[in-house]
Every structure is written in C-alpha cells, then in structure tokens.
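Reviewing the structure listed below.
Only the coordinates and a few stated rules stand behind these numbers; no lab work does. If you're wondering where the values come from, they're calculated on a predicted model, not measured in any experiment. Cβ sites come from the backbone with ideal geometry, for glycine too, and all protein chains shown count toward neighbours.
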Amino acid sequence: MTVTEDIIELEHKYVLQTYKRPDFVLESGEGVWLYDSDGREYLDGGSGIAVNALGYQNQAIIGALRQAADSLIHVSNLYHTAPQALLARDLCENSFADRVFFSNSGAEANEGALKFARKWARTQGHTDKTGIVAFTGSFHGRTMGALACTATEKYRKPFEPLIGDVSFAQFNDLDSARRAITDKTCAVIIEPVQGEGGVTPADPAFLTGLRQICDETGALLIFDEIQCGLGRTGTLWAYEGYHVTPDMMTLAKPLAGGLPIGAILLTQNVADALGPGDHGSTFAGGPLICTVARSVFRHVNTTVFLQQVKTHGDYLAAQLNDRVVVSPLIEQVRGKGLMWGLVSAPPAAEIMVEARKHGLIVLVAGPNVVRLLPPLTISTDEIDELVDRLVKTLEAVG
Ligand SMILES: Cc1ncc(COP(=O)(O)O)c(C=O)c1O
C-alpha cells in the first residue's frame, strides 16, 4: 500500500464521512500551487474555500505566526491582549464599523449577528420585532441560526425545525424584499456577492433599495462578506463597490490567512444594545490568531494590492470571456474581482473532477456553477495557466 492509499484508508475508516474527498493527499504548497503526496502539482483555483487569499507559504503570515507563537497563544477573553485590540482598531478604522466582536468561524459570526439584532430590537422596546429576512440562493453557514437563513433545501431539510421567524425574499427582487421586510423584522441578512449559491453579484439598485427599506421599517442590514470581503472583489469590502453601508458585517474565511477566525463588525447604534455577558467565546480573538490576521490585513489593505486584484480580476474575466465562454459547455460567466462563476451545461462537479486530472483545483457553487476563487496574489502568467488548464478540462469533458 502506498502512503497515499494508507492515509485515504484511515480517513475512510475514522473520519465522519460528510465530505467526498478526491483520491489524493495534499502535502505542501507554494504561492498558488499545491503538491500531493505522489508529487503531482495543482494550480489552486479555490484558495481552500476563499481562505488562502495570500496563497501558500506567504512569508508575512509565517513571520507573524512565528512571532505570535513565541509570545502568547491563548489567554481567553477574560483578559486584555494587544493583538485583539489592535486588530479591532484596524478593522474599524478601515470600514463603516465602530466595534468588533470576534468569533472562530463564519457561521459563528452570523450566529452572533442574528443574536445582536434580536437584542438590539428588544432594547428598543420591540419584543415582537424578531423576524429575520434572508434571500434565495443564500449561504450563511451550518449552525442552526445561520442554517435557518441559508436557502438551499438540501442543507436545511434534514435538520428541521430550524429557528423560527426567518423568511426568504427573492434575491435581486426589490418588490419581493418589500413584501418580506415589515416592522416586525429586526434584521435583513445578505451576501453582496452570493458565493455558494452560484457566484451572483447583487444589483446595485437592489442593495440601495434594501438599505432604504431597512431604514423605513427600522430593520438592521447585515452584510455577510465572509466569502466576498477582504479584497476578493477588488475593493477592501464588497459593499464599497455598491456605496451602501450595512449596520453589521460578518467576516471570516481569509482574515487570518488559513487560521480559524470570524468577526462581526457593527455600528455604535447596535453596540449600545449589548453589554457584558450578552455573548462570548472561549477561543475567539486570541493573540496568535489576531497577530496573524493583522499581518494579512496589512498586506491586503494597500492601494497597490487592491488595484492589482482589480487589474488581475479584469484580466481573468477577459480570458474567461475570450477562451472559456466559447465552449459549448459554458453558458455564462459572472462575478467580480477574483471571484467568478461559470454557469455550466453539464454538472459542475463533473468539470471539477476532470479539472483535477489536469492539475487544476476549482470549486462548485450549486449544481451548475463552477466557482473560481484563486489566491488574490495570482499573477497574470498564472491566470493564463489556470485558463489553459480549464480549457483543456472542458475539451476533455466535452
Ligand atoms: C457567505 C458565507 N457565509 C458564511 C459561511 C460559513 O462560514 P464557515 O464555514 O466558516 O462557518 C460561508 C462558508 O462558505 C460563506 O461562504
């Protein structure tokens, strides 16, 4: 038995089988490249799942990790530590927010945001203002509250009943949103660019309209930028591209360069409703994670870096339009920055599996969308290589 077969057998025997993993074992990475235990290379068009924004073996991340490991790894949230306070300042001073609450994952961040909205409404004297409005195509995570706001039936159905008082409006349909959002709604949660649901950007007029409806009905607007935030769309936050600001924003995936983190950014108005004991976490916002997150944030939050994401995103879009949309298997390309979805005629999973044979890792977003989320550091040569491999994949599937 080879080492690869050994590891796969152990995984099959001992790990709960909730993932269908391919038959290779990833061992190392460098830049946008991953290497398996049999020495095969893969161009990573998924960044984990939108996590490794700075690729693999990024020296800034490794340096921060080493430095943090030499001081404190964990002390709990009962005590002050410098990295948490400094990361919170970095995030607030570079966004709409006044305050931050740290969590350990995206779902947890959304869970917290929903709780904050409920408490905020109650503090205003509205005990019956408990409704939450989410949208078709949404994905907000797998915990019970986040799942209740996630539209996809196959994720929800086996676990019902989920938390109550969540209703769904049609994404990008203001009339539908207007019908769903009432004075009993405490929060509206939306991804400015939907990820898992098919890589669908919100229409600018839709987000502007949502802000207006929320203001009229007194509901909080929550942007879930867990996948589309932190430079992914070519601006630091996706909402900047829309000129609409939320009351809360949730972050996670790329924020600590591959270490688990989540964050809820909120305005002082919402923060005023919350006090000691209202929410908490044992691990969240620890000094090691926050030190690493600060290094990622410093790296991404420069004009030069964000401009490069825009330029390379435009380059990728042009390549996809010129060389990939011509394939009879691809019906449409949509996205923003370095976040793209290819609407495919055959099942997207078939393309994902074939791509691996061509040394390319892609993701899917629903049954018929192939999703590309390469590291934000990808070069134009590497984009050419990614598109070459994608074209070969489509020829093979076709
Ligand atoms: C938009 C969005 N929200 C929430 C989540 C959940 O994040 P996590 O898997 O870290 O709980 C995801 C994960 O894919 C996501 O894409």
Check: In terms of modelled amide H atoms, which long-range or inter-chain residues lie less than 5 Å from the amide H of VAL369?
Finding: SER344, ALA348
Next item on the list: Holding the Cα-Cα limit at 21 Å, pick out from LYS119/LYS184; LYS115/LYS184; LYS154/LYS184 the pairs that are longer than that.
Entry: LYS154/LYS184
Margin query: So if each residue of separation counts as 0.36 nm, and I subtract the Cα-Cα distance between ASP173 and TYR19, what length gain in nm does that give?
Written below: 52.1 nm
Checklist line | the range 71-300: antiparallel DSSP beta bridges as a percent of all, rounded to 5 | finding: 40
Item checked: the chain: angle of helix 3-14 to the longest principal axis, Cα-based, in degrees nearest 10 -> 40
Item checked: the range 241-339: chymotrypsin sites (Phe, Trp or Tyr not before Pro) in DSSP loop, at most 15 other beta carbons within 10 Å -> PHE283
Check: What is the helix-to-structure angle for 59-70, meaning the angle in degrees between its Cα long axis and the longest Cα principal axis of the chain, kept from 0 to 90 and rounded to the nearest 10?
Finding: 60
Notebook entry, point to check: How many angstrom separate the Cα center of the range 166-192 from the Cα center of the range 323-398?
Noted result: 32
Next item on the list: Find the relative contact order for the range 71-300 and round it to a whole percent, using C-alpha pairs within less than 8 Å whose residues are 6+ positions apart.
Entry: 30
Next item on the list: Provide the packing ranking of 254-262, 119-127, i.e. peptides ordered by the mean count of other C-beta atoms within 10 Å per residue, highest first.
Entry: 254-262, 119-127
Next item on the list: Answer with one residue from CYS186, PRO83, HIS243: the one whose Cα lies farthest towards the positive end of the charge dipole of the range 71-300, charges on Cβ with Lys, Arg +1 and Asp, Glu -1.
Entry: PRO83
Notebook entry, point to check: Which residue, chosen from GLY125, PHE206, VAL325, occupies the Cα position most advanced towards the positive end of the dipole of the chain, where the dipole is computed from +1 (Lys, Arg) and -1 (Asp, Glu) charges on Cβ about the Cα centre?
Noted result: GLY125
Item checked: Net lengthening on full extension, GLU331/VAL75 (0.36 nm per residue, minus Cα-Cα) -> 87.0 nm
Next item on the list: Using θ = phi - 60° and the Karplus relation 6.51 cos²θ - 1.76 cosθ + 1.60, list the HN-Hα couplings for the range 88-103 in order, rounded to whole Hz, with x at every Gly or Pro.
Entry: 4, 4, 4, 5, 5, 5, 10, 7, 6, 7, 10, 9, 9, 10, 8, 10
Next item on the list: Just the number, please: percent antiparallel of the DSSP beta bridges in the chain, rounded to the nearest 5.
Entry: 65
Margin query: Between helix 287-300 and the chain, what is the angle of the helix's C-alpha long axis to the longest principal axis, kept within 0 to 90° and rounded to the nearest 10?
Written below: 70
Check: For MET249, what charge total do you get from the other residues with a beta carbon under 9 Å from its beta carbon, if Lys and Arg give +1 and Asp and Glu give -1?
Finding: -3
Checklist line | Extended-chain gain in nm, criterion 0.36 nm per residue less alpha-carbon gap, VAL3 and SER379 | finding: 132.1 nm
Checklist line | Residue order, fewest to most surrounding Cβ atoms within 10 angstrom, among MET249, MET1, MET352 | finding: MET1, MET352, MET249
